[in-house]
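Values quoted throughout were computed directly from the atomic coordinates according to the rules given, and no laboratory measurement underlies them. Note that the structure is a prediction, hence the values are computed from the model and not measured. When we count neighbours, we look across all protein chains shown, and the Cβ atoms used for this are built from the backbone with ideal geometry, even at glycine.
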Amino acid sequence: MKIFSVTDITRAVKDVLETEFPFIWVRGQVTNLARPASGHIYFTITDGDAGLSVVWFKGNQRAGGDGEESVNPLTGEIESGGPLELEDGMEVLVAGHMNVYPPRGVYQLVAELVQEQGVGDLKLAFEAMKRKLAEKGYFAEDRKMEIPRSPKRVAVVTAPTGAAIRDFLKIAEVRGTGAEIRIYPTLVQGDFAPGQIAQALDLVYDDNWAEVVVLIRGGGSLEDLWAFNTEQVADALFRSTIPVVCGIGHEVDFSIADYVADKRVATPSHAAQELWPRREILMQTVDELEGSLVRSFENYLNIRESQLETLQKGLSWLSPAQRIERLQASFAEEGQRLSRVADKFVTAKDTEALSLSHRLNFAFGGERIKRMEHDLSGLQGRLTRAADIFLKDKLAEFENASTSLRVLDPESPLERGYSLVTVEKSGKFLRSPEEVADGDAIRVRVKSGEVRARVTSE
Amino acid sequence: MKKDNKTFEERLDRLKAIVSALEQGDLPLEEGVALFKEGRILSKECATQLEKARNEVKIVTDGEVKDFEVDTEEDTADDS
């Protein structure tokens, strides 16, 4: 059997690999992206089962930039513009050749062109999971529990080493009024992480000791944080019996766990800030309350004092000697009032009696009889005078009427020789010659009889 | 006030209640003075409690609760 030196076998592999794959296209998802100061870009492309290291040297990145044109080796098309801005999770096509790096005995793909191939699988998986759980009501606001203020018993589900727990405890140190913090250790990255996280959470629920559970992890790539995007962890959070605070990665990172948790905070440090107020602020509250206590007590004593003064005044008012004095004064006053009222009453009655006796005398005394006799004789005289005047008036009236009557009698002129002529055919008195014609019969009435005649025209 | 197992929050609430009772001002004198004394004690106790407040950190492994010592490596998980 041939025994290779490391150099020999590495060189042999290098020869085979580089000869066999002088130019290849590989499709995968970018992870572990690193951009050191050198300007070269290092990353891994993965399809979930395998990973391939890629180096994209600075010189190759510029191809196609600065207005130069380059030929896309995949499509044969001419392209221009700057190099692709890579991001973790981006799905890319990488064109280049395989290369072995002997000092570390690793192989890598030396990229000559990197092209984006749509949204990465992880991002798609994330969005799909988010939609699915949203539909199941995992993110519903109305199932979120309120985070207790200043909790005394806090469970923390996280890795027992590393920055997350250290930051959390450091911030917690200067806050609150003394709490017990129990760490439920778990992996926070890798294939076993989701199961362990779920298990740790269930343990917290079963222990039924903590008031609140905190799920934290430091920053990392989308892949690093992937455990917090799994349904297994989401389910465990969903069945929580106590409020959950979730602080995963950096400010910008959002995980499915963040959406399911009752409270999402940006980082592990923020989780501690969310739970407890700073101790010096609590101290200030105590100082302020002590100030209020002293002020309100002084105020209270002042009120008591003025109440005492009022009561003392009241007490002297109620002493028996004072009371007798007050009663005597009141008695004297009442006596005076009584005598004034009596005087007034007697005077009023006197006046009334006098007035009544006047009225009585006036109504029924000799004066009145004399006045009545006088009235009677007056009335008799007036009656006689009135009767005389009445008779004279009537007599004169009668004579006047007789005279008028005489003047109005149509036959009275006949006595003095006048006559009345009547036209026979009309029966009317004759007043004008035109009323008669030749031969008309007329009747002439005189004082003592009538003469019949005819009209002639001579 | 005898020393008991009241929490800081319970003491603070009691202190607040005492202040507002004194502000009302219609308590019998003995009661008012007693409340003031109680308030002074409470505020001292609160201050002491804050000064002495420390978190106890434990780790739960294999169903046991043990003391936990944090490692002091100097990198941070986030920017805060």
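Hey, what number do you get for the protein assembly as shown at 222 nm if only DSSP H runs of n ≥ 4 count, each worth -39500 (n - 2.57), divided across all residues, to the nearest 500?
Result for the protein assembly as shown: -16000 deg cm²/dmol, rounded to the nearest 500.
Hey, which aspartates and glutamates would be in cross-link range of B:K16, C-alpha to C-alpha under 15 Å, not counting anything within fewer than 8 residues on its own chain?
Within the straight-line cut-off, B:K16 pairs with A:D287, A:E288, A:E290, B:E38, B:E45.
Run the quick spin-label model on B:Q24 and A:E373: label points 7 Å from Cα toward the beta carbon, then report their separation in nm to one decimal.
10.1
How far apart, in nanometres, would the label points at A:S402 and A:W317 be if each is projected 7 angstrom from Cα along the Cα-to-Cβ direction?
A separation of 11.1 nm, rounded to one decimal place.
How tilted is helix A:320-364 with respect to the longest principal axis of chain A? Cα atoms for both, answer in degrees (0 to 90, nearest 10).
20
Under 14 Å from the Cβ of A:E450, count the other residues' Cβ atoms, weight Lys and Arg +1, Asp and Glu -1, and hand me the total.
+2
What lysines could a cross-link reach from A:K14, if we take a straight Cα to Cα line under 21 Å and drop same-chain neighbours fewer than 8 places away?
A:K2
Taking the Cβ of B:E9 as the center, what net charge do the other residues with Cβ under 11 Å away carry, scoring Lys and Arg +1 and Asp and Glu -1?
It works out to a net charge of +4.
For A:E141 and A:H250, what is the calculated FRET efficiency with R₀ set at 35 Å and r taken between the beta-carbons, to the nearest 0.05?
0.90
For A:N361 and A:R27, compute 0.36 nm times the residue count separating them, minus their Cα-Cα distance, and round to one decimal in nm.
105.4 nm
Diagonalise the Cα gyration tensor of the protein assembly as shown and give the resulting equivalent ellipsoid semi-axes, square root of 5 times each eigenvalue, largest first, whole Å.
That gives 135, 64, 18 Å for the three semi-axes.
Grab the beta carbon distance between A:E333 and A:E298, set R0 = 51 Å, and tell me the FRET efficiency rounded to 0.05.
Calculated value: 0.60.
Tell me the chymotrypsin sites (Phe, Trp or Tyr not before Pro) within the stretch A:8-67 that lie in a loop according to DSSP and have at most 16 other beta-carbon atoms within 10 Å.
Passing sites in the stretch A:8-67 are A:F23, A:F57.
Straight-line reach only, C-alpha to C-alpha below 16 angstrom: list the aspartates and glutamates that A:K344 could link to, leaving out same-chain residues fewer than 8 apart.
Output for A:K344: A:E334, A:E352.
Mind counting lysine pairs for me in the stretch A:124-277? Cα separation below 20 Å, and the two need to be 8 or more apart along the chain or on different chains.
For the stretch A:124-277, qualifying lysine pairs total 8.
Which angle between 0 and 90 degrees, to the nearest 10, do you get for helix A:366-408 versus the longest principal axis of chain A when only C-alpha atoms count?
Approximately 70 degrees, to the nearest ten.
Net charge near B:A47, counting Lys/Arg +1 and Asp/Glu -1 over other residues with Cβ under 9 Å of its Cβ?
-3
So what are the stretch B:8-67's ellipsoid semi-axes, whole angstrom, largest first, if each one is the square root of 5 times an eigenvalue of the alpha-carbon gyration tensor?
Taking √(5λ) for each Cα gyration eigenvalue gives 39, 11, 8 Å.
Between A:E411 and A:A387, what FRET efficiency follows from the Cβ-Cβ distance if R0 is 45 Å, with the result rounded to 0.05?
0.70
Taking the DSSP beta bridges in the protein assembly as shown as the whole, what percent of them are antiparallel, to the nearest 5?
Once the DSSP bridges in the protein assembly as shown are tallied, antiparallel ones form about 65 percent.
Over all residues in A:165-171, what is the mean tally of Cβ atoms on other chains that come within 10 Å of each residue's Cβ?
Going residue by residue through A:165-171 and averaging, the value is 4.
Test of understanding: what is the full-extension gain from A:L124 to A:M283, defined as 0.36 nm times their sequence separation minus their Cα-Cα distance?
52.3 nm
Please state, to two decimals, what the Cα-based radius of gyration of the stretch A:124-277 comes to when divided by 2.2 N^0.38 Å (N = residues).
Dividing the Cα Rg of the stretch A:124-277 by 2.2 N^0.38 Å gives 0.94.
With label points built 7 Å along Cα→Cβ from the Cα atoms of A:R239 and A:K428, find their separation and express it in nm.
The answer from the label model is 14.5 nm.
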